[in-house]
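The values are calculated or read from the model by the stated rules, or taken from the named source; none is laboratory data. Just so it is clear, the model here is predicted, and its values are computed rather than measured. So basically every Cβ, Gly included, is an ideal-geometry build from the backbone, and we count neighbours across all protein chains shown.
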Amino acid sequence: MAQFNYKVIDKDGKNKKGVLEASNKEAAEKKLRAEGMTVLDCREQGVMDKDIQLFEKKVKSRDLSVFCKQFAAILNAGVTIIQALDMISESSENPSLAKALKEASAFVEKGGTLADGFRLSPKIFPAMLVNMVAAGESSGNMEIAFERLSVHFEKENALSGKIKSAMMYPMVVMIVIIAVVIVMLVAVIPTFTQMFEEMGATLPLATRIMVALSDFILKRWYILITVVIAVVVGFNAFGKTDTGKQVYGQISIHAPIFGNLTIKQNCSRFARNLSTLMASGIALVDALEQVAKMLDNKIYRDGLLDAKVQISKGIPLSKPLRDMEVFPTMLTQMVKIGEETGNLEDMMDKVADFYDQEVDQAVASLTAAMEPAIMAVMALIVGAIVAACYGPIISMYSNMDNL
């Protein structure tokens, strides 16, 4: 799917711009016209557009949480929306967020709604925020919408932090292992190679393999780097295809040790996002579609989009969730209870809190399981290198003793 920059005139005669995904230009224009837009310009993003985005500072969940909290507080103090946007944009430490807030302020000053002003920067403000702001404008509860968004993004940031902390330790240790191996092969093995040649004895298989690896890295390092880059690029390109997303999604769910964490993470995000959207008065069908788009795992995303279709036909949400076979039984049962009692929103909030705690336990279990496993791998690799280096020497001394 390619990305297209567009400029349109909406149903109210206001100019709008943004970015959308489509298979081609015709599909992008058709999608815009279906929403009642008059297309002024629609073109696929070029290399320069993408390069500019790479250098822009990303807006994280924490940035959005702080913004929503500040905005709600300023509105409660009786300040106008335009003044609030200007105040926060001037004090924001994130230049990308500050720029988007200034554009939204200019749009609102011309008579546009705040939600439409946020739609001008789809890379900054997620669809969930925009739709909740639109609901807040319609109901007159803007401050409440921003307070809920602040709590939501704060918990989302906390969840992301837990996942990153779980991944950080094994990544750092693996980098250390690779560095140790490279140093041994590049600096240590060559020192022993000359000694082995002077010995003139037949070297053990492990030693010959280690010497060959050392020679390869020293003399043909460019081949190794090329292969590594090709593998990384290949896996990345495959991951962007529908088949790749499907495969990686299945692997992340069923992977040993990590699969349990992936499931609980998606359960927490699903429940939290659904509860937040429904609390703002957004219909279940629309909320489910937005939740699906917020999840990175294609298995969950496709399953929830299919659930949306079934719900629109009158089928309870608990049934398609159960049929997906990727949500724990406890979650589907809680959804069913929430539907039967008419309190699905609060039930999802409790489920989200429960799985937040489950993620904490999963992270602790993952760290505890990874520590001995990684240390064992490191000991095995370093031990193999040491044995390959000193094996011939020990063998030589043994032969001397036998003489």
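Per-structure values
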item: Per-region count, region 289-311, residues modelled with pLDDT under 90 and farther than 16 Å from GLY249 by Cα; result: 3
item: Hey, SER214 closer than 29 Å to ASP349 by Cβ, of a type in the set (Ser, Thr, Tyr) and surrounded by 11 or more Cβ atoms within 10 Å (Cβ to Cβ) or not; result: no
item: Residue in region 99-116 that is surrounded by fewer than 13 Cβ atoms within 10 Å (Cβ to Cβ), at pLDDT 80 or above and on the phi > 0 side of the Ramachandran plot present; result: yes
item: Count - residues of region 315-338 that are over 19 Å from HIS254 (Cα atoms) and modelled with pLDDT under 90; result: 0
item: Per-region count, region 323-346, residues in contact (Cβ under 8 Å) with a residue 40 or more places away in the chain, assigned to a helix (DSSP H, G or I) and not acidic (Asp, Glu); result: 2
item: Any hit, region 285-292, residues being on the phi > 0 side of the Ramachandran plot and among the charged types (D, E, K, R); result: no
